[in-house]
Amino acid sequence: MNKGQKVVWVDGKRYTPFELEWGTSVEKLAQQEQTTPEAIRMRLKRFGTPFQRKAKPTKCEILHGKTVWQLASELGITHITVHKILKENKDPYENVGHGNRGKDYGGKKFSAVNPAQSGWLMPQHPDYSTWRDSYEAK
């Protein structure tokens with residue numbers, strides 16, 4: 001807890017205003033997201049919620065509901081191949097037979113080097129289950 005931060009007592013327990021509003025402390029959320037508490041506070045300042053990681057989703061997230069890294073890991077290809085397939089306006093699920101599929105880099109699959117980077121919203125965000133509906137209409 002920061003020096004000079006407001007403290008609220010509820011039923012004999014000490015809470016910060018952030019904990020009361022969002023249900024978890026800044027430190028716990030930052031540790032869960034593997035980032036700093038300052039980054040969580042900046043999300044709150046920029047987006048109005050600590051559960052939104054970026055301003056908007058990527059093209060891959062809109063089309064497939066997954067990040068490029070998640071898709072590459074699922075298909076067993078590199079993220080560069082996924083970017084190339086998307087740039088050519090092709091479906092990555094139909095084009096899994098080409099590229100550098102199955103190559104090992106340092107003893108492990110290249111797509112596993114960066115384990116499934118997270119999407120633009122966290123599951124705790126209120127719009128998490130319905131955000132794609134607004135993009136599919138366009």
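The values are calculated or read from the model by the stated rules, or taken from the named source; none is laboratory data. Since we're looking at a predicted model, the values are computed, not measured. Neighbour counts are summed over all protein chains in view; Cβ atoms, including those assigned to glycine, are modelled from backbone coordinates with ideal geometry.
Has the stretch 48-63 got any residue that is assigned to a helix (DSSP H, G or I), among the acidic types (Asp, Glu) and not assigned by TED's automatic domain parsing to the domain that holds TRP120?
We begin by selecting, within the stretch 48-63, every residue assigned to a helix (DSSP H, G or I); these are 59-63.
Next, from what is left, pick out any that are among the acidic types (Asp, Glu): 61.
With not assigned by TED's automatic domain parsing to the domain that holds TRP120 added as a condition, the list becomes none.
No, the stretch 48-63 contains no residue that is assigned to a helix (DSSP H, G or I), among the acidic types (Asp, Glu) and not assigned by TED's automatic domain parsing to the domain that holds TRP120.
Filter the stretch 66-76 for residues that are part of a loop (DSSP other than H, G, I, E, B) and modelled with pLDDT of 85 or more; which is surrounded by the fewest Cβ atoms within 10 Å (Cβ to Cβ)?
LYS66
Name the pairs: first residue in the stretch 43-62 and of a type in the set (A, V, I, L, M, F, W, C), second residue part of a loop (DSSP other than H, G, I, E, B) and at pLDDT 90 or above, Cβ to Cβ under 7 Å, at least 6 apart or on different chains?
Pairs that qualify, where the first residue is of a type in the set (A, V, I, L, M, F, W, C) and the partner is part of a loop (DSSP other than H, G, I, E, B) and at pLDDT 90 or above, are LEU44/PRO50.
Confirm whether THR81 is surrounded by fewer than 19 Cβ atoms within 10 Å (Cβ to Cβ), assigned by TED's automatic domain parsing to the domain that holds ASP133 and among the β-branched types (Val, Ile, Thr).
For THR81, the condition - surrounded by fewer than 19 Cβ atoms within 10 Å (Cβ to Cβ), assigned by TED's automatic domain parsing to the domain that holds ASP133 and among the β-branched types (Val, Ile, Thr) - is not met.
For LEU29, all conditions in the list (1) surrounded by fewer than 16 Cβ atoms within 10 Å (Cβ to Cβ); (2) assigned to a helix (DSSP H, G or I) hold save one; what is the number of the exception?
Condition not satisfied by LEU29: (1).
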